[in-house]
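Here's the structure we're looking at; comments come further down.
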Amino acid sequence: MITNIAENGSFGVGIRGMGTFLPERILTNHELSKQIPTTDEWIRSKIGVGERRIADESETLSNMATIAGRRAIENAGLKPEDIDLIILARVDPDHIDPSTSFKVQDNLGAINAGAFDAVIGGCPGSVYALSIGASFVASGSCKNVLVIGGDIISRNLINWNDRETCCFFGDGAGAAVLSRLPKGQGIQSYLMKVDGSRYNACIIPAGGLKMPVDSGNVDDVKKRYLNMDNKAVWNFATTVLPESIVQVAEKSGVKVEDIDMVISHQANINIIKTSMEKIGLTMDKTHTTIEKYGNTGGASTLITLAEAVVEKKVNKGDKVVMVSFGAGLAWSGMLLEWHEQSDFN
Amino acid sequence: MGKYSGIGISGSGSYAPKNVMYTDHVKSIFNFTEAYIQKIGISKVHIADETEYPTDMAIQASKDAIKDAGILPEDINIIIYSYGGFPEYFMWAEYAKIQYEIGAINASAMRFDQACNAQIIALDYAVSKIKADENINHILIVSADMFKEPIVNRWKTADACIWGDGASAAIISRGVTDHEIIDVVNMTDGALNHLWRIPVGGTVTPLEPEHIEQNLFRIDMNRFALEYLKDDAERERVSKRIVNTNIKTFEKLLEKIKKEKSDVNKIITYNVGKFIIENISKMLCVNLADTSWEYGSQHGHMGPADIFFNYDQMKKNNKIKSGDLVVLFSAGTGFSTASAAIQF
């Protein structure tokens, strides 16, 4: 499904403010190479990660999401009570039940906000959640929606002795406040897709109804941590990333060469380079954070866009394309025209 | 009539496993008093067999809803899946499996987590999406739950309900005028997030072997709530707070749709104990017979699946007639409430 939001709904929707949180603790490739058979050079060249941030024991998903959310609300020039809805895109919650977004709502003092967690396999979550939030604003149901993407991937999801997975990931959270604009402005088009035939490409088997965790498997790393089909994910990502950029641009009536900035999910620098090359865009039309933060899952496009804005790589009137992709296998893309806070009501 | 004019429920489906267990048959095992059995009022639940899991049940309910709506799977634009208990695997794309198995090749898919409240927040998103995007015509909302050991004891976990297994689905479509959604309200009181939580297994307290021995990686609302609700005064305070949120949710909905309590003909609620349903029906001045209690008492609490399960059963058994104003209501741990109004 690809839609042109500018022609439908009651309101335009834009990103009014952004915020991020990254843990202070840095884990470099050099440190990682002391515990698994790898090198800094291999990781940098094959994946693009130089170092990543790791949450310390006292940090939780709700802490990180709260700080990113608070910063986004302040950046938007709003107060917590102005938020109508909080959507938290994540994989691993504070607790299996209840939803972590409720704790975030309480922490923020967003007393007027409903809240729910959106679970879309982690990595696809950021742009999916922005697309979901955009509908609530466009329809008139909400004035301000806080979208947060984040995860502590380092704690329960990956085996730190598995070279196939642990080199990629880092922890972090990113947030955006979506607010009303005059109809036709802001987000121009977006898409949300899934190839359900590959639902098993990224999975953690133990801990659910089919495979409860018990004394027999609680220490079984193959069952307790992420199993990822890297080849399938590579083939998938290098197909959907360029395709999505082209599709949302076309739907918005924008030529690919006129896109000002591409913000991709930060899965692998070579996925980004290959994809940009496929559609004839040079790397100066994208901004990356994978070298500093690794793959931060559902936070990555939000963190990367926020940084691009701060570094003035994204300015008013710019055509910005965001694409996220991952487990599901699912992917989401969006084209928005950037606005400044003063453009919002 | 409302802001979602021309958007409504075009089809629904429900699935209950064949196996049944009666409360009466287990009362001596769990020391249920007659007073408790009367208070809860849930006489039986359906139980999934060894080969059935939530996504299997969700697929069945989805297929029934698609057939009921008279559409094809490829007509579906979005699938929103939810469960309240546990997933089949700790991390996987179960919503994508459902999309694949029902043949909804054009649909995106996702899961919403708002515990047992998830179907109405999914409805809130569905109507917003259809209103905002002219390319979206059909959205499938589907939920399924099963409750089994070692993750949960369906009989003793909560004193407000007994858990049953089952699934339900609804298709929200453009161009529907006979089961039209008028408006939706959802509220969150995040200050109660510490109640009824599963204490281990997330980022706060990662799962360790000793947690298995201590029986902590499970749903046990009574046990874990009592860690916070230490005395009668605290229990009373929290109970009042929850009731007030419920009342505010209804009041907000009625205000939004410009109706009075006396205009409400039927209520469809989540399947908690009779004593709670009686309070809800009293709040809205509706007789118990005009609520979904009949189905709740026969199926127990199936997580977020209750709402469209009861809707499907009431519709198919002609319990709702043309002209009725139907109010949906659910609540979930964390604490969240939601309500929606449908004009038949």
- Odd one out for B:Glu74, checked against (1) within 14 Å of chain A (Cβ to nearest Cβ); (2) closer than 23 Å to B:Gly300 by Cα: (2)
- Note on the structure: Quick count over segment B:33-57, residues being out of contact with any Ser or Thr (no Cβ under 7 Å at 6 or more places or on another chain), crowded, with 16+ Cβ neighbours inside 10 Å and outside any helix (DSSP H, G or I), is 6
- Query: Looking at A:Thr60, A:Thr39, which is the one that is of a type in the set (Val, Ile, Thr), free of Cβ contacts under 8 Å to residues at least 12 places away in the same chain and either over 23 Å from B:Gly202 (Cβ atoms) or within 11 Å of another protein chain (Cβ to nearest Cβ) (or both)?
  - Reply: A:Thr39
- Query: For the subset of segment B:159-190 comprising residues that are more than 19 Å from B:Ile80 (Cβ to Cβ) and in a strand (DSSP E or B), which member is nearest to the other protein chains (Cβ to nearest Cβ)?
  - Reply: B:Met187
- Name the one entry in A:Ser189, A:Ser197 that is within 12 Å of chain B (Cβ to nearest Cβ), outside any loop (DSSP other than H, G, I, E, B) and closer than 21 Å to A:Lys316 by Cα. A:Ser189
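So that you can scan it fast, the table gives a plain yes or no per residue for (1) free of Cβ contacts under 8 Å to residues at least 60 places away in the same chain; (2) touching an Asp or Glu at 6+ places or on another chain (Cβ under 6 Å); (3) of a type outside the set (Gly, Ala, Ser):
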position: A:Pro80; (1), (2), (3): yes, no, yes
position: A:Asp84; (1), (2), (3): no, no, yes
position: A:Ser101; (1), (2), (3): yes, yes, no
position: A:Gly114; (1), (2), (3): yes, no, no
position: A:Ala134; (1), (2), (3): no, no, no
position: A:Cys142; (1), (2), (3): yes, yes, yes
position: A:Val145; (1), (2), (3): no, no, yes
position: A:Asp162; (1), (2), (3): no, no, yes
- For segment A:200-225, which residues satisfy the criterion of being part of a loop (DSSP other than H, G, I, E, B) and either more than 7 Å from chain B (Cβ to nearest Cβ) or within 14 Å of A:Leu329 (Cα to Cα) (or both)? A:Asn200, A:Ala201, A:Gly216, A:Asn217, A:Asp220, A:Tyr225
- Note on the structure: Scanning segment B:127-157 residue by residue, those closer than 27 Å to B:Glu88 by Cα, in contact (Cβ under 8 Å) with a residue 60 or more places away in the chain, outside any strand (DSSP E or B) and more than 7 Å from chain A (Cβ to nearest Cβ) turn out to be B:Phe147, B:Asn153, B:Arg154, B:Trp155, B:Lys156, B:Thr157
- Go through (1) touching a Pro at 6+ places or on another chain (Cβ under 9 Å); (2) among the hydrophobic types (A, V, I, L, M, F, W, C); (3) surrounded by fewer than 17 Cβ atoms within 10 Å (Cβ to Cβ) and name the single condition A:Ala232 misses. (1)
- For segment B:206-228, which residues satisfy the criterion of being surrounded by fewer than 16 Cβ atoms within 10 Å (Cβ to Cβ), more than 8 Å from chain A (Cβ to nearest Cβ) and part of a loop (DSSP other than H, G, I, E, B)? B:Gln214, B:Asn215, B:Glu227, B:Tyr228
- Query: under 30 Å from A:Asp220 (Cβ atoms), under 21 Å from the mean Cα position of the chain (by Cα), among the small types (Gly, Ala, Ser) and more than 7 Å from chain B (Cβ to nearest Cβ) - does that describe any residue in segment A:150-163?
  - Reply: yes
- Out of the residues in segment A:212-252 that are among the small types (Gly, Ala, Ser) and touching a residue at least 60 places away in the same chain (Cβ under 8 Å), which is nearest to B:Tyr53 (Cα to Cα)? A:Ala232
- Task: Look at A:Lys319 and say whether it is within 16 Å of A:Val248 (Cα to Cα) and charged (D, E, K, R).
- Result: yes
- Query: Just one of B:Lys274, B:Lys258, B:Lys266 is among the basic types (Lys, Arg) and surrounded by fewer than 12 Cβ atoms within 10 Å (Cβ to Cβ); which is it?
  - Reply: B:Lys258
- Look at A:Val104 and say whether it is in a helix (DSSP H, G or I), facing another protein chain (nearest Cβ under 8 Å) and under 22 Å from B:Asp113 (Cβ atoms). yes
- Task: Only residues that are at the interface with chain A (Cβ under 7 Å from one of its Cβ atoms) and on the phi < 0 side of the Ramachandran plot: list them for segment B:108-117, please.
- Result: B:Ser108, B:Ala109, B:Met110, B:Arg111, B:Phe112, B:Asp113, B:Gln114
- Query: Quick one: is A:Gly253 surrounded by fewer than 17 Cβ atoms within 10 Å (Cβ to Cβ), in a loop (DSSP other than H, G, I, E, B) and in contact with a strand residue (DSSP E or B) (Cβ under 9 Å, 6 or more places away or on another chain)?
  - Reply: yes
- Scope segment A:1-32; condition part of a loop (DSSP other than H, G, I, E, B) and either of a type in the set (A, V, I, L, M) or at pLDDT below 95 (or both); matching residues: A:Met1, A:Asn4, A:Asn8, A:Gly9, A:Ser10, A:Phe11, A:Leu22
- Search segment B:130-139 for residues being touching a helix residue (DSSP H, G or I) at 6+ places or on another chain (Cβ under 6 Å) and hydrophobic (A, V, I, L, M, F, W, C), and hand back the single one that is modelled with the lowest pLDDT. B:Ala132
- Tell me which residues, restricted to segment B:58-95, are in contact with a Leu (Cβ under 9 Å, 6 or more places away or on another chain), in contact (Cβ under 8 Å) with a residue 40 or more places away in the chain, among the small types (Gly, Ala, Ser) and not in a helix (DSSP H, G or I). B:Gly85
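The values are calculated or read from the model by the stated rules, or taken from the named source; none is laboratory data. Bear in mind the structure is a predicted one, so any value in this text is a computation, not a measurement. Because the Cβ atoms are built from the backbone with ideal geometry, glycine has one as well, and the counts that use them run over all protein chains shown.
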